[in-house]
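Structure first, commentary second.
The values are calculated or read from the model by the stated rules, or taken from the named source; none is laboratory data. It should be emphasised that the depicted structure is a prediction, and the values quoted were computed from it without experimental measurement. Positions of Cβ are backbone-derived with ideal geometry, glycine not excepted, and every protein chain shown enters the neighbour counts.
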């Protein structure tokens, strides 16, 4: 297909961007945005927009590496030295255990609220098993359709709720001016860092390849796909900020941190607007949480399969072959069954949470800085190397996440 034909068909072709953006926006991001709106109103609206731009830069760079070089992001990391393997191996193992437990529990919460006769642990088991079976028996094309549907549900429910609350236009526009109210620094960094971004951003290139985009002729379509997806996600996150500002800030209501805060919001909505509105919100809550589960079970399993292939000296395998590999399925099993032990305990093992926090805080700076390294070197064809704008976006992302890293490490080791 010629590039001009790709451009004409670009609206029909977009998809991988929705998968990566929806996967990255988890319940933790929703709660952080909601509480920022609750505490500071519209003042930090500008930070959500900056966060959206940062993620566009990161995802574009990841996709461009795959398409311009014909190599995966793990190929690129391996070319930088074996130290990347030493970092990645313990990280992905520990991350999968703790993420699996937290994601299954978070996704079970709205289901338990909608159907209280079924215990929370049973919903968590069902969430994990359904995700496992989905990625075991299906391929990327069906994942994209499912994720697009979930994005549509979460977008309509949450954006519709924000419109229903009739936001203050003047205050909304004022929030576009960068300001930092007292005590807002941590929330600001969280908003910029949390508009859809985890290890799953590294999976974007694999999903681009699974879509059938395999060379540089698809870079313009990939960029369009990436921008549309993250702008859509940005509107969704802004809608959560509006809900926090209009429903909680104006009424001086406070929510708990963590996923329980979203359930509290459901209670507030039911008290103020009735059960029907609360149910719609819980459906949106579930869609956001379950899209992250499906995306991780598929995308991070692909990344793990590529890692195992490099360890065994089997590189440059098609993404379809990785989807059927034992390593892909082994990691999907790892995300599902060992975390259920943590779910039944009622909380993650403390030592694992500490290690997870340390490794997890390092990943986004690692991604941003290695992309700068790869895309400014001879590993990338000259015409597709970084320009000043891409370098600026990745540098801002790297510096931002280094600051967040320092904050996370301080909290991890001091409990402050």
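Consider residue 365 carefully, then state whether it is within 23 Å of residue 62 (Cβ to Cβ) and at pLDDT below 90. Give the derivation first.
Details: within 23 Å of residue 62 (Cβ to Cβ): yes; at pLDDT below 90: yes.
Answer is yes for this residue.
Do the conditions hold for residue 51, that is, is it within 23 Å of residue 103 (Cα to Cα), buried (at least 24 other Cβ atoms within 10 Å of the Cβ) and at pLDDT below 85?
Numbers: within 23 Å of residue 103 (Cα to Cα): yes; buried (at least 24 other Cβ atoms within 10 Å of the Cβ): yes; at pLDDT below 85: yes.
Yes.
Which one of 241, 265 is modelled with pLDDT under 85 and buried (at least 22 other Cβ atoms within 10 Å of the Cβ)?
Details: 241 fails: modelled with pLDDT under 85.
Unique residue meeting the criteria: 265.
Consider segment 77-89. How many of its residues are crowded, with 19+ Cβ neighbours inside 10 Å and under 21 Å from residue 399 (Cα atoms)? Break it down stepwise before answering.
Here is the first cut: in segment 77-89, the residues crowded, with 19+ Cβ neighbours inside 10 Å are 77-78, 88.
Those left that are additionally under 21 Å from residue 399 (Cα atoms): 77, 88.
Selection size over segment 77-89: 2.
Can we say residue 285 is modelled with pLDDT of 85 or more, within 23 Å of the chain's Cα centre (by Cα), assigned to a helix (DSSP H, G or I) and under 17 Å from residue 166 (Cβ atoms)?
Values: modelled with pLDDT of 85 or more: yes; within 23 Å of the chain's Cα centre (by Cα): yes; assigned to a helix (DSSP H, G or I): yes; under 17 Å from residue 166 (Cβ atoms): no.
When the stated conditions are applied, residue 285 does not pass them.
Looking at (1) at pLDDT 80 or above; (2) surrounded by 21 or more Cβ atoms within 10 Å (Cβ to Cβ), which one does residue 171 not meet, given that it meets all the others?
Evaluating residue 171 over (1) at pLDDT 80 or above; (2) surrounded by 21 or more Cβ atoms within 10 Å (Cβ to Cβ) leaves (2) as the failure.
Grab the helices (runs of 4 or more DSSP H) fully contained in segment 32-115, keeping just those with 2 or more residues being within 16 Å of the chain's Cα centre (by Cα) and touching a residue at least 24 places away in the same chain (Cβ under 8 Å). Break it down into steps so the answer makes sense when it comes.
Numbers: elements: 45-69, 73-79, 83-114.
Qualifying helices (runs of 4 or more DSSP H): 45-69, 83-114.
Do we have residue 411 as assigned to a helix (DSSP H, G or I), more than 23 Å from the chain's Cα centre (by Cα) and either surrounded by fewer than 17 Cβ atoms within 10 Å (Cβ to Cβ) or at pLDDT 90 or above (or both) here?
Numbers: assigned to a helix (DSSP H, G or I): yes; more than 23 Å from the chain's Cα centre (by Cα): no; either surrounded by fewer than 17 Cβ atoms within 10 Å (Cβ to Cβ) or at pLDDT 90 or above (or both): yes.
Taking the combined requirement at face value, the residue does not satisfy it.
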